[in-house]
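Structure, as structure tokens:
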Amino acid sequence: MDEKEKELLRQWDRTIYWHAFTQMAEYEPFIIESAQGCRLIDIDGREYIDGVASLWCNVHGHRHPRLDQAIREQLDKVAHVTSLGCSNPTTIRLAKRLTEIAPPGLNHVFFADSGAGAVEVALKVAFQYWRQIPDPQPQKTLFLALGEAYHGDTLGAVSVGGVDRFNAVFQPLMFPTIRLPCPDTYRTPEGVSPEKLADYYLAQLEEVLRREHARIVGMIVEPLVQCAAGMVVHPPGYLRGVRELTRKYGVLLIADEVAVGFGRTGRMFACQHEGVTPDLLCLGKGLTGGYLPVAATLVTDEIYNAFLGDYTSLRTFFHGHTYGGNPLGAAVALANLDVFQEERTLEQLPPKIERLASHLQRIAERPHVGHVRQCGLIAGIELVHDKATKRPYPWTERRGWQVCQYARQEGVFLRPLGDVIVIFPPLAISLEEIDHICQAVERGIIAVTE
């Protein structure tokens, strides 16, 4: 590619291609032409470690031969088949495979094409379920969600989301939601010890459920880690307590594992850390290893059976998108799960998790690092103006963004959440690449804050 073509691409990228979550008036083109393993390569031939797994979705690295081959082989059969009254062997096999690896009891799969789409399915299924059970509960119209939650950008997902800077402008379009405080382990309630945090937040939940359970359809939660909130890690035992309380009060539990599923926390699914089976499970991102947009919502027999009946019963779930259950995506998703087994991906994680932890322990000592948090290969480093009081920097200073810009100059691609530096690499990342990421981040923090 010559310089003239590169400049044309940069011009079109600035003026024609409208990027997600990006202020285009300030955008400087960063154009990736190819990738290999955990490395991205831009149009000038510069390499960068993919420190955010191409937005939390790449699992086994880019251009993995098994995943590439799976797509090629499926192309020789059929690229797309509708899921509306029709099926395909590859998609059927993926559905079966997901029920085999998911928490027990989730025996039915509805496919979508994005994480937000999977959440929309869960919300609508849960709502309709209460109207179709033998003893209908039509008064159940509200959802329960957490502060700073993020479940996607479609209107239902936005309504249960709690990130005001994303959602405020759409408030007139959103349905009402009961919201509980984020179960934070950094900015904690005064007088509550770390050991008592889960009990404190669960007591808040039980009070709401005791009062409002008859009106609540379900509670939606990101298990263990609220990623877009700044990689906020919940206190141990919180998820298990949520499951016990929702069951006690007759409220469905929706687990949004779009970001935390497929090995990110050290287990295949975050729910498995606390032995939890939700009523509905939302999956996406890592489902295809970061290759194609496939998502899924898994449900129990009880929920699925509420939708069965003859045509005139109108119990059908009238929902579906054109590319839901796409065979190309299903093929690469099956290959992704095969690679988990063949390369023993989960078994390879402990030394990587430990190496990341050792770097975070050191970085935590920097004078303007307020908190480091980690769950598996997910990490957040929060920068603050005053470590003692936890006072943040003015958001307009964009300290987190500055650190990530510094890291990019050292060959590491990261994207912050405000002043939280996010480290979220592919599971295939090497120990040496973890070292490179963390050292670049630490030097960037020193340059920007000290």
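The values are calculated or read from the model by the stated rules, or taken from the named source; none is laboratory data. Quick caveat, the model's predicted, so the values are computed rather than measured. Virtual Cβ from ideal backbone geometry, glycine too; neighbours counted across all protein chains shown.
So here's what we get for this one:
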| item | result |
| --- | --- |
| Residue within region 296-304 that is within 21 Å of Tyr238 (Cα to Cα) and either buried (at least 19 other Cβ atoms within 10 Å of the Cβ) or in contact with an Asp or Glu (Cβ under 9 Å, 6 or more places away or on another chain) (or both) present | no |
| Odd one out for Ala333, checked against (1) assigned by TED's automatic domain parsing to the domain that holds His108; (2) within 29 Å of Val163 (Cβ to Cβ); (3) assigned to a loop (DSSP other than H, G, I, E, B) | (3) |
| Qualifying positions in region 185-226 - assigned to a strand (DSSP E or B) and either out of contact with any helix residue (DSSP H, G or I) (no Cβ under 9 Å at 6 or more places or on another chain) or at pLDDT below 95 (or both) | Gln226 |
| Residues within region 377-401 that are within 15 Å of Cys438 (Cα to Cα) and either at pLDDT below 95 or not in a strand (DSSP E or B) (or both), tallied | 2 |
| Test: Ile49 is assigned to a strand (DSSP E or B), β-branched (Val, Ile, Thr), free of Cβ contacts under 8 Å to residues at least 12 places away in the same chain and surrounded by 15 or more Cβ atoms within 10 Å (Cβ to Cβ) | no |
| Residue in region 223-231 that is under 30 Å from Pro138 (Cβ atoms) and within 18 Å of the chain's Cα centre (by Cα) present | yes |
| Within region 406-438, considering residues that are free of Cβ contacts under 8 Å to residues at least 24 places away in the same chain and out of contact with any helix residue (DSSP H, G or I) (no Cβ under 8 Å at 6 or more places or on another chain), the one surrounded by the most Cβ atoms within 10 Å (Cβ to Cβ) | Gln409 |
| Odd one out for Leu75 among (1) of a type in the set (A, V, I, L, M); (2) in the same structural domain as Leu292 (by TED's automatic domain parsing); (3) within 30 Å of Leu417 (Cα to Cα) | (3) |
| Qualifying residue in region 147-160 (condition: free of Cβ contacts under 8 Å to residues at least 12 places away in the same chain and either surrounded by 18 or more Cβ atoms within 10 Å (Cβ to Cβ) or of a type in the set (D, E, K, R) (or both)) | no |
| Restricting region 276-288 to residues that are more than 13 Å from the chain's Cα centre (by Cα) and outside any strand (DSSP E or B), the residue that is surrounded by the fewest Cβ atoms within 10 Å (Cβ to Cβ) | Thr277 |
| Some residue of region 288-309 being β-branched (Val, Ile, Thr), under 22 Å from Cys182 (Cα atoms), touching a residue at least 40 places away in the same chain (Cβ under 8 Å) and assigned by TED's automatic domain parsing to the domain that holds Gln132 | no |
| Only one of Val251, Val225 that is in the same structural domain as Ala102 (by TED's automatic domain parsing), of a type in the set (A, V, I, L, M), more than 24 Å from Leu356 (Cβ to Cβ) and in contact with a strand residue (DSSP E or B) (Cβ under 7 Å, 6 or more places away or on another chain) | Val251 |
| Breaking point among (1) assigned to a loop (DSSP other than H, G, I, E, B); (2) of a type outside the set (A, V, I, L, M); (3) buried (at least 24 other Cβ atoms within 10 Å of the Cβ), for Thr316 | (3) |
| Hits in region 111-136 (condition: more than 18 Å from the chain's Cα centre (by Cα) and either buried (at least 20 other Cβ atoms within 10 Å of the Cβ) or outside any helix (DSSP H, G or I) (or both)) | Val125, Ala126, Tyr129, Trp130, Ile133, Pro134, Asp135, Pro136 |
| Residue that is loosely packed, with under 13 Cβ neighbours inside 10 Å and under 30 Å from Phe318 (Cβ atoms), where the choices are Leu84, Leu94, Leu8 | Leu84 |
| Criterion (under 20 Å from the mean Cα position of the chain (by Cα), farther than 19 Å from His234 by Cβ and outside any loop (DSSP other than H, G, I, E, B)) met by exactly one of Phe143, Phe166 | Phe166 |
| Residue list for region 49-91, restricted to those being more than 24 Å from the chain's Cα centre (by Cα) and of a type in the set (Gly, Ala, Ser) | Ala70, Ala79, Ser83, Gly85, Ser87 |
